[in-house]
Amino acid sequence: MLGRALAVATLALAVFAVPASAAIAPDSAQSPNAEEIRTAYWVMLAVALVIGVALLAGLLTATRRFRARGEAREPRRLTAGRGVVGRVGAALGALAVAIFVFGVVMTGDAREAEADESAESLDIDVIGQQWLWRFEYPDSQSETIATVFSYTELVVPVDTTINLSFDSTDVLHRWFIPALGGQVEAVPGEVVETSFRADEEGVYEGQSTQFSGTAYPAMRASVRVVSQDEYEEYVAGLAEDLAAAQEDVALQAAEEAAAEEGAE
Amino acid sequence: MSPPTVAERHPEVVTRGVHRPPAAWIETATSADHKAVARLWMGTSLTFLAVTAVLFALTRVQLIVPDSTIIVPEVFNRILTATNVTAIVLFAVPFTCGLIGYIVPLQIGARSVALPRLNQLGYWLYAAGGLMIYASFLYTVPETALSPLPPLSDDVFSPSNGVDAWVGGVALAALGFVCFAINLVATLRNMRAPGLAWRRAPILTWAAGAIGYVLLVVGPAMLAALTMLTVDRHFDGVFFDPGEDGEPLLFSHLSWIFFTGCHTILVLGAVAVISEIVPTFARKPLFSHRAAAGSVVAIAVLGVLAWMQNMYASPIPEGFAYLAMAAAVGLLVPIGLLYFTWTATMWQGSVSTRAPLGLALAAAIALVFGLGGQLMTSVVPVGLQLENTTAAQQGTIMVVVGFTLAAFAALHYWLPKVSGRSVAEGPAKAASGLVLGGAIVFAFAMFFAGLEGQPVDVFRYYENEGVSTLNLIASVGAFALTLGILVELGNLAASYNGGRPVGHDPWGGSTLEWFALSPPPPHNFDAVPDVRSAEPLRDIREAIREREAAYVPPAPLEPSAPPPPEPVEPTAPTLEPEQVAEERVDEPIGESSRPGTTATEPEAPAEADGSGDADGAAGADGDDSSIS
């Protein structure tokens with residue numbers, strides 16, 4: 001049975017070699033903090049594989065090698081001599097300490113993109129709500145628009161440190177763009193911050209990973225990384241659109257008011 | 001006038017009918033005997049295992065293809081919620097309670113438990129909790145995923161009664177676990193057999209102690225959280241209301257303490273069962289009893305301390321994240337030591353690969369996958385990327401699968417004690433292959449999908465995410481897993497009353513539960529032996545063997561004495577199984593004269609001694625050797 005189970009495991013690995021060849025690691029990193037996470041991931045994958053294989057190899061070898069065949073022989077009543085368990089425990093302990101230290105070291109630059117003096121930075125407020133994200137851009141040039149904002153798609157300039165500041169208006173949400181770094185939980189009433197610095201233009205997609213009610217899988221987000229010029233153009237366009245929309249609304253309100261007056 | 005000395009000619013027998021014992025199920029349901037209560041725990045939790053396996057398969061039906069609309073979102077979320085809560089709160093932890101509740105009092109040579117009625121109350125609270133959760137299918141079903149985290153679960157965002165059903169059901173079950181744990185701790189502290197010091201206690205007993213204390217810590221934490229949530233929902237409380245300076249993360253902490261505690265209990269239960277089965281089937285004592293017992297305690301402490309390993313992305317101070325990482329990574333030491341101990345126990349042994357050992361090894365394999373995955377995600381940067389994705393979730397699922405396999409191993413091993421019948425091994429082999437193979441396929445597929453960013457708890461994924469093939473494979477694996485579980489449950493149910501009858505000690509176990517009859521009588525033991533080592537039953541067998549070896553048929557005292565009337569085969573009487581059973585009751589560990597172990601059937605040895613003196617034939621007894 002064990003042999004069969006191992007065969008199944010091997011087969012499974014073989015089956016996965018095809019679809020998973022592109023997927024044995026997270027999406028390739030596009031931000032320095034995501035690079036750190038990839039490094040930590042590869043090291044931990046190797047460590048976990050080595051430990052797992054060692055534990056199972058020992059166990060299954062012992063089972064096979066000392067299987068009772070024919071008449072049962074009297075086994076040697078082998079028990080721990082002084083120090084054997086201690087040595088194994090110490091080795092495991094040293095390994096655990098090493099992993100812990102490694103984890104602490106890698107955490108430093110994994111949560112936020114490390115500061116880079118040469119790079120410009122941009123502060124964006126992200127507000128989660130059931131079931132979309134709202135992004136508020138800074139530095140509105142327009143007089144009529146207080147805040148330039150967009151939903152679902154965040155557009156940022158390339159090679160710029162983007163400082164995200166999260167809040168939620170209703171329930172817990174999680175910001176997660178795999179290519180641009182780890183997850184951040186948006187908690188109502190609490191401001192949580194993270195940052196990233198995309199080094200390549202492109203569209204990076206992600207999805208909230210915190211169950212947030214009925215339509216939770218729809219809580220998706222994408223980050224479109226563009227050149228600095230394109231970004232400014234985009235924000236200006238957004239401001240115009242918003243101003244136009246605001247005018248429309250004002251016009252509509254005025255019309256309604258007029259209609260009401262006419263009715264009276 | 002003297003009373004009549006002669007009985008009346010027709011004595012009048014007055015009777016209103018003989019008292020009829022109640023039906024067996026009434027007896028079981030109302031008895032406070034720890035074995036009856038434990039049978040209810042196990043039976044109910046295994047029923048919930050079947051339910052959760054089917055519900056799990058249903059969630060995977062939905063996720064076979066992208067953008068699936070087979071099940072509408074609301075219904076999917078309800079099924080998902082029921083799957084989660086059933087697997088952990090209604091199956092895994094209660095099954096551990098049942099197994100411990102049955103076996104551990106026997107293992108420590110107790111004739112009962114310390115607080116039998118509290119123990120019984122614990123079961124009925126849990127049963128009421130399960131009923132409450134499933135009765136909600138009649139009105140409003142909870143949609144909470146694993147845990148109803150506020151603000152989503154407060155009265156603004158979840159105005160329906162579904163959350164209340166979840167909260168009430170889990171609270172009742174948690175209260176039941178606490179009642180169980182109080183009785184368990186009291187029993188373990190007060191009712192161990194003479195000589196059963198903790199250093200000689202079997203590993204399952206150690207794990208039971210650890211589980212008792214874990215439940216006493218995490219159960220009340222969850223009860224507190226659920227009480228606060230109820231106050232928030234119905235009495236305008238502001239414990240978790242961010243608008244009123246409440247702290248939504250407090251609930252996350254408390255519920256993660258509970259669920260991480262449950263996860264720790266699963267690991268403890270599984271490794272304890274494996275640690276009991278491996279020495280028996282290797283025919284060797286545990287390589288290091290101290291290391292195994294110490295590891296069990298270390299897992300209990302570190303496992304619960306690591307509750308924040310699922311909250312790295314939440315706004316908690318970095319120091320807390322490091323504390324959780326230290327505890328979670330530290331688990332490597334006790335778990336590695338246990339695997340080393342099992343390996344060393346089988347080394348040089350005489351390993352018989354019967355179904356219990358096969359299932360236990362399958363459980364060990366599944367646990368390596370699960371715990372290895374968790375070792376990865378417990379490192380903060382990796383956790384940031386993987387937690388709440390299916391990559392981290394498969395670790396938890398593999399631990400649950402490992403626990404389920406260990407539960408099957410435990411049932412194969414101990415069900416002969418419960419029912420007096422063996423469990424068929426053929427279906428078990430097929431089932432364990434299906435369960436383990438299916439789970440591994442599922443786990444790998446979900447791991448890779450999680451790396452692509454697939455979150456947990458979604459009712460749909462999109463075609464362009466690149467996880468469609470992986471989800472298809474995962475669903476196939478999940479169906480095999482469910483099928484395997486159902487096959488094995490059917491096998492257990494069929495064998496419970498229909499299995500081949502076996503003796504009291506079918507495996508040659510070395511702990512005290514095998515000293516009791518199968519099934520044990522209500523008082524468990526006629527006489528409780530003194531315990532001299534970690535393997536009391538081996539000592540008893542040794543004593544019997546020595547007595548047989550030392551027996552010399554007594555020579556006639558004088559040549560002129562008449563020969564014994566019937567020459568009887570000297571070894572025959574003690575070798576008969578039923579004689580052995582009597583023997584070990586009468587004279588534990590070869591010291592017949594010890595006070596405190598007085599035989600409950602004094603006739604047998606008296607007769608034996610008498611006949612031994614008279615004609616030296618029938619009473620084969622160790623004492624005779626001293627005469628000659």
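The values are calculated or read from the model by the stated rules, or taken from the named source; none is laboratory data. Being a predicted model, the structure only gives us computed values, none of them experimental. With ideal geometry, Cβ positions are generated from the backbone for all residues, glycine too; neighbour counts draw on all protein chains shown.
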Q | Residues that are away from chain B (no Cβ under 11 Å), among the aromatic types (Phe, Trp, Tyr) and in contact with a helix residue (DSSP H, G or I) (Cβ under 6 Å, 6 or more places away or on another chain), drawn from segment A:80-135 | A | A:131
(Q) residue B:285 - would you say it is of a type outside the set (S, T, N, Q), assigned by TED's automatic domain parsing to the domain that holds residue B:350 and not in a helix (DSSP H, G or I)? (A) yes
Q) All but one of (1) polar (S, T, N, Q); (2) more than 12 Å from residue B:451 (Cα to Cα); (3) more than 8 Å from chain A (Cβ to nearest Cβ) hold for residue B:352; which doesn't? A) (3)
Q) Restricting segment A:156-185 to residues that are more than 9 Å from every other protein chain (Cβ to nearest Cβ) and among the charged types (D, E, K, R), which is surrounded by the fewest Cβ atoms within 10 Å (Cβ to Cβ)? A) A:159
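Residues to consider are B:424, B:410, B:391; find the one that is buried (at least 24 other Cβ atoms within 10 Å of the Cβ) and either modelled with pLDDT of 95 or more or not in a helix (DSSP H, G or I) (or both).
Numbers: B:424 fails: buried (at least 24 other Cβ atoms within 10 Å of the Cβ); B:391 fails: either modelled with pLDDT of 95 or more or not in a helix (DSSP H, G or I) (or both).
Only one candidate qualifies: B:410.
Per-residue answers, yes or no, for (1) under 20 Å from residue B:119 (Cα atoms); (2) assigned to a helix (DSSP H, G or I):
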site: B:142; (1), (2): no, no
site: B:165; (1), (2): no, yes
site: B:173; (1), (2): yes, yes
site: B:196; (1), (2): no, no
Q: List every residue pair whose Cβ atoms lie under 8 Å apart, where the two residues are 6 or more positions apart in sequence or sit on different chains, the first residue falls within segment A:31-43 and is under 15 Å from residue A:197 (Cβ atoms) and more than 9 Å from every other protein chain (Cβ to nearest Cβ), and the second residue, located anywhere, is of a type in the set (Gly, Ala, Ser) and outside any helix (DSSP H, G or I).
A: A:31/A:113; A:31/A:181; A:31/A:198; A:32/A:113; A:35/A:29
(Q) Need pairs with beta-carbon distance below 6 Å; first residue within 19 Å of residue B:98 (Cβ to Cβ) and within segment B:212-228, second among the aromatic types (Phe, Trp, Tyr); sequence gap 6+ or separate chains. (A) B:215/B:177; B:218/B:258; B:219/B:177
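Does residue B:264 satisfy the condition of being out of contact with any Gly (no Cβ under 9 Å at 6 or more places or on another chain) and of a type outside the set (A, V, I, L, M, F, W, C)?
On the way: out of contact with any Gly (no Cβ under 9 Å at 6 or more places or on another chain): no; of a type outside the set (A, V, I, L, M, F, W, C): yes.
It is false that residue B:264 is out of contact with any Gly (no Cβ under 9 Å at 6 or more places or on another chain) and of a type outside the set (A, V, I, L, M, F, W, C).
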Q | Test: residue in segment B:170-183 that is at pLDDT below 90, more than 13 Å from every other protein chain (Cβ to nearest Cβ), over 30 Å from residue B:528 (Cβ atoms) and in contact with a Gly (Cβ under 8 Å, 6 or more places away or on another chain) | A | no
Q: Select, from A:29, A:12, A:7, the only residue that is within 17 Å of the chain's Cα centre (by Cα) and at pLDDT below 90.
A: A:29
Q) Going by the structure shown, is residue B:330 more than 7 Å from every other protein chain (Cβ to nearest Cβ), touching a residue at least 12 places away in the same chain (Cβ under 8 Å) and closer than 29 Å to residue B:449 by Cα? A) no
Q.
Regarding segment A:96-112, can at least one residue be identified that is assigned to a helix (DSSP H, G or I), surrounded by fewer than 20 Cβ atoms within 10 Å (Cβ to Cβ) and either among the acidic types (Asp, Glu) or in contact (Cβ under 8 Å) with a residue 40 or more places away in the chain (or both)?
A. yes
Q) Of the residues that make up segment B:417-427, is at least one of a type in the set (D, E, K, R), more than 10 Å from every other protein chain (Cβ to nearest Cβ) and in contact with a strand residue (DSSP E or B) (Cβ under 8 Å, 6 or more places away or on another chain)? A) yes
Q. Which condition breaks for residue B:252 when tested against (1) closer than 23 Å to residue A:211 by Cβ; (2) surrounded by fewer than 20 Cβ atoms within 10 Å (Cβ to Cβ)?
A. (2)
Q) Checking residue B:523 against (1) surrounded by fewer than 18 Cβ atoms within 10 Å (Cβ to Cβ); (2) more than 30 Å from residue B:110 (Cβ to Cβ), which single condition isn't satisfied? A) (2)
